[in-house]
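Only one structure is covered here, and it is reproduced in the block below.
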Amino acid sequence: MGYQRIDGKAISGQIKEECRIKAERYREQGIEITLAVVQVGNDPASGVYVRNKKRACEECGIKSLSFELPEETGEAELLSLIEKLNKDKTVNGILVQLPLPAHIDEDKVIRTIDMKKDVDGFHPMSAGALCTGQRGFVSCTPAGIIELLKRSNIEIAGKECVVIGRSNIVGKPAALLLLAENGTVTVCHSKTKNLKEVTSRADIVVAAVGKPKFITADYIKEGAVVIDVGIHRNEDGKLCGDVDFENVAPKCGAITPVPGGVGPMTIAMLMSNCIASVDLSESL
Ligand code: NAD
């Protein structure tokens, strides 16, 4: 029996197209959805992410404003820019590209963003809203995981879901979202004992371990759904995930590839959060 290859590229394309149509409708009502993208320093990886986000904005008809600050920018200066963007009624979303230089307190910067414009969903109020089932922005990668499952017609309710990883941006929110979809959720981490025993129970495994090809077939139940969040570049420059795809795929019911799985969903969900900001800012 063949496995289903979950096509994140195609699904993210559909979501961006839906965003484009919604942005156009807002424009007809006189609302130009605008995302402010703030980058401090010139980390090459961050540069690539920022460029990709701006390109996605163009595709979706969302206006992007660029704030490229030098590496030596002080914390106070960055905070005052954020305060200014918070007050600017023409700005719907604020994204500060992470990581920030070491002399800037990242948590303080995230807390300064108005939660009504927190399109990355990293503000503690957004995380709290997710935890208590209230309205708020959901961080993009975990939101993308749920969209991949739903749009691939994979049922979550009542399923054994195991999330490997407990970071604030992926593991924890992914677990909360699966719980909100009525999955029976277990979160594993670096101190989990008998990891294979736990993951082998799962109908749905979300791998956000941050270790290349860590998950092999012996971690996976026959027919399980495997979502690979990891992104790594191996010695010959090729991308791979936290899951050993060739080894695991034949045993799966469905699996996301890397690249072309979760990766493209993150930016699509950022676009979707920008669109949702119009309604959310009214109701938060
Ligand atoms: P992280 O390093 O913050 O978290 C890794 C988690 O894995 C930790 O909670 C840790 O407890 C757990 N872990 C580590 N070793 C383990 C082990 N041996 N057994 C069980 N658990 C273990 O990473 P993160 O920010 O959550 O990202 C995870 C992966 O996802 C990385 O590869 C990252 O590059 C990737 N990522 C991809 C996207 C995307 O858009 N696709 C977005 C964010 C992160």
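The values are calculated or read from the model by the stated rules, or taken from the named source; none is laboratory data. All figures in this text were calculated on a predicted structure; none of them were measured in a lab. Note that each Cβ is placed from the backbone with ideal geometry, even for glycine, and that neighbours are counted across all protein chains shown. To get the accessible areas, we keep the full protein, side chains included, count just its heavy atoms, and leave off ligands, DNA and RNA. Shrake-Rupley method; radii C 1.70, N 1.55, O 1.52, S 1.80 Å.
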Any chance you could look up the accessible area of Phe214 with a 1.4 Å probe, heavy atoms only, rounded to 10 Å²?
-> 70 Å²
Picking from Lys117, Lys84, Lys159, which is most flexible by a Gaussian network model of the chain using Cα springs under 10 Å?
-> Lys84
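State to the nearest 20 debye the size of the charge dipole of the chain about its Cα centre, where the only charges are +1 on K and R beta carbons and -1 on D and E beta carbons.
On the way: 35 positive and 38 negative charges, 100 e Å.
The calculation lands at about 480 debye.
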What fraction of the DSSP beta bridges in the chain is antiparallel, stated in percent and rounded to the nearest 5?
-> 5 percent
Given backbone amide H placed at 1.01 Å from N, residues whose amide H is under 5 Å from that of Ser64, ignoring those fewer than 5 places away on the same chain, are Leu35
Inter-label distance, nm, simple model (7 Å from Cα along the C-beta direction), Glu83/Leu98 = 2.3 nm
Options Leu195, Val170, Asn182, ranked by Cα towards positive dipole end of segment 144-202, top entry (Cβ charges) | Leu195
Sticking with the crude label model, points 7 Å out along Cα→Cβ, report the distance from Lys108 to Arg135 in nm, one decimal please.
-> 3.3 nm
Of the heavy-atom accessible surface of segment 29-101 (probe 1.4 angstrom), what whole percent is carbon and sulfur?
-> 52 percent
Diffing segment 191-206: the Karplus 3J(HN,Hα) column from phi (6.51, -1.76, 1.60, θ = phi - 60°), in whole Hz with x for Gly and Pro, holds 9, 5, 8, 6, 3, 4, 4, 5, 5, 5, 7, 6, 7, 10, 10, 10
How do His189, His123 stack up against each other in accessible area, from largest to smallest, with a 1.4 angstrom probe?
-> His189, His123
Give the range of the longest stretch in the chain that excludes all GluC sites (Glu not before Pro) found in loop regions by DSSP and having at most 11 other beta-carbon atoms within 10 Å.
-> 73-221
Two-site label geometry, Glu59 and Glu32: point separation in nm, points 7 Å out along Cα→Cβ | 2.3 nm
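Tell me, in nm to one decimal, what length is gained between Ala217 and Glu68 on full extension, where the rule is 0.36 nm per residue of separation less the Cα-Cα distance? It would help to have the intermediate numbers written out before the result.
On the way: separation 149, 0.36 × 149 = 53.64 nm, distance 4.41 nm.
Gain in length upon complete extension: 49.2 nm.
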Of every hundred units of 1.4 Å-probe accessible area on segment 147-283, the number belonging to carbon and sulfur atoms, as a percent, is 49 percent
Calculate the length of the line joining the C-alpha centroid of segment 120-160 to that of segment 77-107, in whole Å.
-> 24 Å
Return one number: the angle in degrees, 0 to 90 and rounded to the nearest 10, between the long axis of the Cα atoms of helix 8-28 and the longest principal axis of the Cα atoms of the chain.
-> 30 degrees
How many Å² of accessible area per residue for segment 63-198, probe 1.4 Å?
-> 50 Å²
Which of Ile82, Leu100, Ile110, positive extreme of dipole for the chain (C-beta unit charges) | Ile110
Long-range HN-HN contacts of Thr184 with modeled amide H, under 5 Å | Gly158, Lys159, Glu160, Cys161
Can you list the HN-Hα couplings for segment 173-184, worked out from phi with the Karplus curve (6.51, -1.76, 1.60; θ = phi - 60°), rounded to whole Hz and with x for Gly and Pro?
-> x, 4, 5, 5, 5, 5, 5, 5, 8, 6, x, 9
Taking Cα centroids, how far is segment 254-284 from segment 171-211 in Å?
-> 21 Å
Hey, if we sort Thr90, Thr256 by accessible area with the 1.4 Å probe, largest down, what's the order?
-> Thr90, Thr256
Taking the dipole about the Cα centre of the chain, with the C-beta of Lys and Arg at +1 and of Asp and Glu at -1, give me whichever of Gln134, Gly223, Ala208 is farthest to the positive side.
-> Gly223
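What is the local net charge at Lys211, summed over the other residues whose Cβ is closer than 13 Å to its Cβ (Lys, Arg +1; Asp, Glu -1)?
Neighbourhood net charge equals -2.
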